[in-house]
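Chemist: Would you mind keeping the following structure in view while I ask a few things?
The values are calculated or read from the model by the stated rules, or taken from the named source; none is laboratory data. Just so we're clear, the structure is a prediction, and the values are computed from it rather than from any experiment. Cβ: placed from backbone, ideal geometry, glycine included. Neighbour counts: every protein chain shown.
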Amino acid sequence: MAEALEAGRGTTQDPGELARISTRLEGASPQEILGWAVGRYGNGLTLSVSFGNAEGMVLLDMLSRLDGGDEARVFTLDTGFMFEETVRLREEATERYGLPIEVVRPKLTVAEQAGRYGEGLYERQPDLCCRMRKVEPQERALRGYGGWITGIRRDQTPQRARTPVVGWEGRFGVAKVAPLVSWSVEQVRGYAKKHDVPLNPLLEQGYKSIGCEPCTRPVAEGEDPAPAAGPGPRRPSAGCTSSAASRSG
């Protein structure tokens, strides 16, 4: 395995070479894959954490324990529609791990978006809302970085079943590194329990992954665990008015 971890070090972003490196990294532990990524990209490596699923928190914990892990930059998207539980976990994680966590926000606040496009855009045009509040900020956050660590697992959805350990993400112009790709949800939860990793409390209330408050709902057994693409039943939260779109970003 040591040979696999040493293979392909450098700055090349050739998709073919990344595919060969990915093959060599099959069977490596998440910590070994993270170690390879840190060694390859250094401060050109970034980890995105949503604070809405267990995978991101587990990767943050692993990175904090890794020699050189503090070289990597950690960021999170705040769409302005986050659950209060998500924001509290972000604050807790920042204090606990001592790693600077960059909060990336959309160009428009929720109030500015409502003024320009009207209230409840997530109900009328969810794709446009996601584009402005998630996709564009993520593109901006990844700009200039060589490697991007994500918490994708192959068993999450059929579409992710063939996800490589390392692959070229042309949409964002970055190498995508998935250290947990071969793990099960039981392994992720087992690590979190063993290392006392704090998780979003909504995960124990039927939510499988937590995104924006107006568009996330509990999921039934067998459903796609990714946050719903459109609006679903909302949980009431303190300080919320009649529309989640009135909350400031």
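Chemist: Where residues in the stretch 34-77 are outside any helix (DSSP H, G or I) and among the aliphatic types (A, V, I, L, M), which of them is farthest from Cys215 (Cα to Cα)?
Modeler: This residue is Leu66.
Chemist: A further question on this structure: Take the residues in the stretch 62-102 that are touching a residue at least 60 places away in the same chain (Cβ under 8 Å) and of a type in the set (Lys, Arg); name whichever of them is farthest from Pro218 (Cα to Cα).
Modeler: Checking each candidate, the answer is Arg73.
Chemist: Here is a follow-up. Would you mind finding the one in Leu47, Leu63 that is over 20 Å from Thr163 (Cα atoms), surrounded by 23 or more Cβ atoms within 10 Å (Cβ to Cβ) and among the hydrophobic types (A, V, I, L, M, F, W, C)?
Modeler: One residue alone meets the criteria, Leu63.
Chemist: Going through the stretch 134-157 one residue at a time, which ones are of a type in the set (D, E, K, R) and either in contact with a Gly (Cβ under 7 Å, 6 or more places away or on another chain) or within 18 Å of Pro179 (Cβ to Cβ) (or both)?
Modeler: Arg153, Arg154, Asp155, listed by residue number.
Chemist: Please work out if Leu66 is among the hydrophobic types (A, V, I, L, M, F, W, C) and within 16 Å of the chain's Cα centre (by Cα).
Modeler: Against the criterion (among the hydrophobic types (A, V, I, L, M, F, W, C) and within 16 Å of the chain's Cα centre (by Cα)), Leu66 does not qualify.
Chemist: OK, next. Please verify whether Arg140 is among the basic types (Lys, Arg) and either farther than 28 Å from Gly206 by Cβ or loosely packed, with under 15 Cβ neighbours inside 10 Å (or both), treating the condition exactly as stated.
Modeler: For Arg140, the condition - among the basic types (Lys, Arg) and either farther than 28 Å from Gly206 by Cβ or loosely packed, with under 15 Cβ neighbours inside 10 Å (or both) - is met.
Residue-by-condition table, conditions (1) in contact (Cβ under 8 Å) with a residue 12 or more places away in the chain; (2) in contact with a strand residue (DSSP E or B) (Cβ under 9 Å, 6 or more places away or on another chain); (3) of a type outside the set (Val, Ile, Thr):
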| position | (1), (2), (3) |
| --- | --- |
| Thr150 | yes, yes, no |
| Gln159 | no, no, yes |
| Pro164 | yes, yes, yes |
| Gly167 | yes, yes, yes |
| Arg189 | yes, no, yes |
| Ile210 | yes, yes, no |
| Glu213 | yes, yes, yes |
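Chemist: Does the stretch 99-121 hold any residues that are touching a Gly at 6+ places or on another chain (Cβ under 9 Å), in a helix (DSSP H, G or I) and either surrounded by fewer than 17 Cβ atoms within 10 Å (Cβ to Cβ) or at pLDDT below 95 (or both), and which are they?
Modeler: Within the stretch 99-121, Ala111, Glu112 meet the criteria.
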